[in-house]
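Read the structure below first, then the notes.
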Amino acid sequence: MNRMKRMSRRAWLGGAAALAASAGAGALIGPIRAQTHAAPRSYRLEAVEIAARTWCVYGAQEDLSRANGGAIANAAFIQTPDGVVVVDTGPSKRYGEALAALIAEQLPGKRILRVFNTHHHPDHVFGNQAFPREALAAPQAVIEAMTAQSEALAANMYRILGDWMRGTVPTPPGRALNASREEIGGRVFTLTEMKGHTACDLVVRDEETGLVFAGDLAFLDRAPTTPNADLPAWRASLAALRRMERDSLLPGHGPVDPQGASLDQTLDWLDWLDGTLREAVARGLTMNEAMAAPIPARFAALGVARTEFERSVVHLRARMEEEILNGIPPDRL
Amino acid sequence: MLRIRPAALGAVLALCAAPAPAQEPPPDPLNSGMWPLVAEENFPGEIVFDPRVKLSLPAAAEDQFHVPVTIDARELAAEIGPIAEMVVAADLNPIIHAVTFRPGAKAEPFLGLRIKVEQTTPVRVGVRGADGIWRVAAAVIDAAGGGCSAPAAAHGQKDWMSTLGEARALAGRDEAGETRISLRMRHPMDTGFAAGIPIFHLSELTLTLDSGEELAELEISAPISEDPAFNLLARPTAGGATAAVAGRDSEGNRFAFSVPLPEEAVN
Ligand SMILES: [Zn+2]
């Protein structure tokens with residue numbers, strides 16, 4: 001008989017009440033309470049010109065936090081003859097509004113014709129709400145992922161960012177992209193669906209400047225994130241990006257990259273990550289042991305490398321166990 | 001769902017195990033109001049917090065359904081002798097107990113596992129040796145999750161029943177000449193707290209060498225993650241040995257498979 005298994009829900013609820021009533025519980029619940037009372041703040045966004053009539057609002061090379069309001073991903077906008085094209089909208093309604101205000105200030109009187117979402121991750125698309133509904137567009141698979149996961153992703157963002165998220169309602173685009181080439185406001189864009197960072201990653205190429213918006217397929221000077229990653233597909237997409245004719249490239253996180261260093265760095269990280277995690281499974285290391293692996297010196301300058309590596313152990317472990325551990329037939333009973 | 005009140009539970013305990021003298025547990029370094037109850041249910045008897053008991057878990061849960069935990073009492077065993085059992089529990093889970101691990105003579109007091117956590121909670125491991133004292137380590141896991149996170153995989157796939165109990169394993173020698181055994185089994189590990197899904201989980205695993213020596217025994221509760229995976233550490237065994245794994249779940253399904261142990265060092 002296992003006495004430990006016999007915890008009823010009633011006993012648990014009773015215990016939880018005891019916790020709330022305990023004066024000593026402060027040490028456990030204190031930090032959470034402190035976070036919920038963070039003072040409201042506003043984003044101070046700055047547009048940096050990265051190509052002809054093209055501006056980027058850079059994200060901090062950090063994790064989502066109350067210090068940065070979740071503004072960790074790049075957002076960009078392009079002036080076309082007839083209006084404005086936006087690529088990604090940031091982490092919250094408040095950010096989206098600040099971005100729209102910045103665009104209005106930079107390009108007074110210009111209408112927003114199109115807002116592309118590169119993929120479904122909330123640090124890139126939770127500002128959608130601040131833009132005209134009919135301008136929002138993404139591949140069908142991105143729209144579906146946003147729709148299916150919006151509730152869970154929003155809950156997570158509210159928990160991490162608190163008041164920064166006030167009023168944010170996930171707003172998936174109503175328009176599914178199906179053309180590979182589109183003229184918007186007199187400027188031509190090439191659209192390519194890739195995958196690997198997520199199940200669907202949109203790459204936008206501006207035909208006028210040769211600038212490629214790579215979304216989170218490319219990271220520069222910050223460790224890549226892998227919650228929905230498929231490493232072989234991601235590598236194939238990096239190879240495709242390398243072949244793509246381009247004058248410059250904007251990673252989803254990190255500075256504009258005329259040389260394509262972000263493609264090398266992202267591939268280098270993914271190769272190391274893959275090899276390290278596979279070796280840990282093959283050697284029988286526990287996940288906690290795997291998380292303690294040293295990070296090579298060449299990645300020392302990458303933002304949040306240790307945190308992202310530890311997160312990746314959680315994201316990728318199960319799939320690697322399925323691949324590396326041997327299938328064992330059942331014994332006859 | 002079993003609904004045994006603490007008083008009735010006490011009576012069951014008195015029948016099943018030698019009753020430990022009722023005593024106050026030592027003050028909890030984490031100040032959890034649940035500690036007296038967790039201690040009484042999981043570590044009955046004398047308790048001390050002991051830094052020689054190693055508990056590894058991340059500061060924050062990236063995925064609340066898969067929180068990696070490693071428990072390691074090798075340093076303690078070197079000083080106090082063989083370890084009888086190691087119990088992992090999380091104070092604020094609806095089902096507090098996660099696993100009881102009993103390493104046999106051929107296994108190290110070391111286990112890698114994954115648990116589910118309902119919310120930010122203390123996680124504890126209690127280690128009992130021959131003297132009967134529970135030596136405990138504890139840490140808090142923040143279950144606020146990380147950024148850019150995906151929600152956890154849906155509980156139970158469409159075709160999960162056809163793959164129930166399907167096993168994967170790998171064993172190899174490490175640098176120290178010990179054998180690392182990795183196990184993974186298909187099981188939904190339903191806690192009974194999701195609407196309309198009754199509790200259903202792997203409840204027991206034993207590993208026995210073909211010499212007849214018991215390697216390890218695990219009593220498993222529903223907070224162990226879906227598709228349970230364990231990493232064990234065995235002392236050197238004869239070349240060509242096999243570990244027979246036998247399992248059972250809460251519905252009485254039985255599982256059995258054999259894991260070949262390495263003859264030569266793999267590293
Ligand atoms: Zn992303």
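Some points to look at:
- Any hit, the stretch B:195-205, residues being more than 9 Å from chain A (Cβ to nearest Cβ) and surrounded by 24 or more Cβ atoms within 10 Å (Cβ to Cβ): yes
- Among the conditions (1) within 11 Å of chain A (Cβ to nearest Cβ); (2) in contact (Cβ under 8 Å) with a residue 40 or more places away in the chain; (3) surrounded by fewer than 21 Cβ atoms within 10 Å (Cβ to Cβ); (4) over 30 Å from A:D63 (Cα atoms), B:G104 misses just one, which is (1).
- Only strands (runs of 3 or more DSSP E) whose full extent lies in the stretch B:41-88 are considered here, and the ones with at least 3 residues that are open to solvent by less than 50 Å² (accessible area, probe 1.4 Å) and modelled with pLDDT of 95 or more are B:67-72.
- Residues of the stretch A:288-304 that turn out to be open to solvent by 10 Å² or more (accessible area, probe 1.4 Å) and either polar (S, T, N, Q) or in a helix (DSSP H, G or I) (or both), as a count: 5
- Scan of the stretch A:206-240 for residues that are among the hydrophobic types (A, V, I, L, M, F, W, C) and in a loop (DSSP other than H, G, I, E, B), ordered by number: A:L220, A:A223, A:A229
- Flag for B:D63 being closer than 12 Å to B:R124 by Cα and of a type outside the set (A, V, I, L, M, F, W, C): no
- Annotation for the stretch A:175-185: no member residue is within 16 Å of the ligand (Cβ to nearest atom) and either within 14 Å of another protein chain (Cβ to nearest Cβ) or open to solvent by 30 Å² or more (accessible area, probe 1.4 Å) (or both).
- Failed condition for A:A280, given (1) outside any loop (DSSP other than H, G, I, E, B); (2) within 25 Å of A:L220 (Cα to Cα): (2)
- A:Y58, sole failed condition from (1) open to solvent by less than 40 Å² (accessible area, probe 1.4 Å); (2) within 16 Å of the ligand (Cβ to nearest atom): (1)
- The lone exception for A:T168 - which of (1) of a type outside the set (A, V, I, L, M, F, W, C); (2) part of a loop (DSSP other than H, G, I, E, B); (3) within 16 Å of the ligand (Cβ to nearest atom) it fails: (3)
- Residues (closer than 26 Å to A:R181 by Cβ and within 12 Å of chain B (Cβ to nearest Cβ)) located in the stretch A:125-145: A:V125, A:A145
- Per the conditions (1) out of contact with any Ser or Thr (no Cβ under 8 Å at 6 or more places or on another chain); (2) away from the ligand (no atom under 13 Å from the Cβ), the sole criterion not satisfied by A:A240 is (1).
- Residues of the stretch A:243-257 classified as away from the ligand (no atom under 15 Å from the Cβ) and under 15 Å from A:C200 (Cα atoms), total: 0
- Residues considered: A:A47, A:A98, A:A75. Of these, the only one that is buried (at least 18 other Cβ atoms within 10 Å of the Cβ) and within 16 Å of the ligand (Cβ to nearest atom) is A:A75.
- Subset tally (residues that are over 20 Å from B:A73 (Cβ atoms) and either open to solvent by 10 Å² or more (accessible area, probe 1.4 Å) or more than 9 Å from chain A (Cβ to nearest Cβ) (or both)) for the stretch B:206-224: 6
- Number of residues in the stretch A:243-267 that are part of a helix (DSSP H, G or I) and either under 23 Å from A:D123 (Cβ atoms) or in contact with a strand residue (DSSP E or B) (Cβ under 7 Å, 6 or more places away or on another chain) (or both) equals 6.
- Annotation note: Cβ proximity below 6 Å between a residue of the stretch A:113-140 that is over 21 Å from A:M157 (Cα atoms) and a residue that is within 14 Å of the ligand (Cβ to nearest atom) and of a type in the set (S, T, N, Q) (sequence gap 6+ or interchain) occurs for A:A138/A:N117.
- When the residues of the stretch A:186-198 are filtered to those that are within 16 Å of the ligand (Cβ to nearest atom) and open to solvent by 30 Å² or more (accessible area, probe 1.4 Å), the one that is nearest to the chain's Cα centre (by Cα) is A:K195.
- Across the stretch A:227-284, the qualifying residues are those that are more than 14 Å from chain B (Cβ to nearest Cβ) and of a type in the set (V, I, T), and the one among them that is least open to solvent (accessible area, probe 1.4 Å) is A:T266.
- Residue match in the stretch B:233-242 (condition: within 12 Å of chain A (Cβ to nearest Cβ) and over 19 Å from the mean Cα position of the chain (by Cα)): yes
- Selection status of A:A137, over 16 Å from the mean Cα position of the chain (by Cα), open to solvent by 10 Å² or more (accessible area, probe 1.4 Å) and over 16 Å from A:H253 (Cα atoms): no
The values are calculated or read from the model by the stated rules, or taken from the named source; none is laboratory data. Treat the numbers as computed from the prediction; the structure is a model and nothing was measured. Here Cβ is always computed from backbone atoms with ideal geometry, including for glycine, and neighbour counts include all displayed protein chains. Ligands, DNA and RNA are stripped out before the accessible areas are found, and what is left, the full protein with its side chains, is counted by its heavy atoms. Shrake-Rupley method; radii C 1.70, N 1.55, O 1.52, S 1.80 Å.
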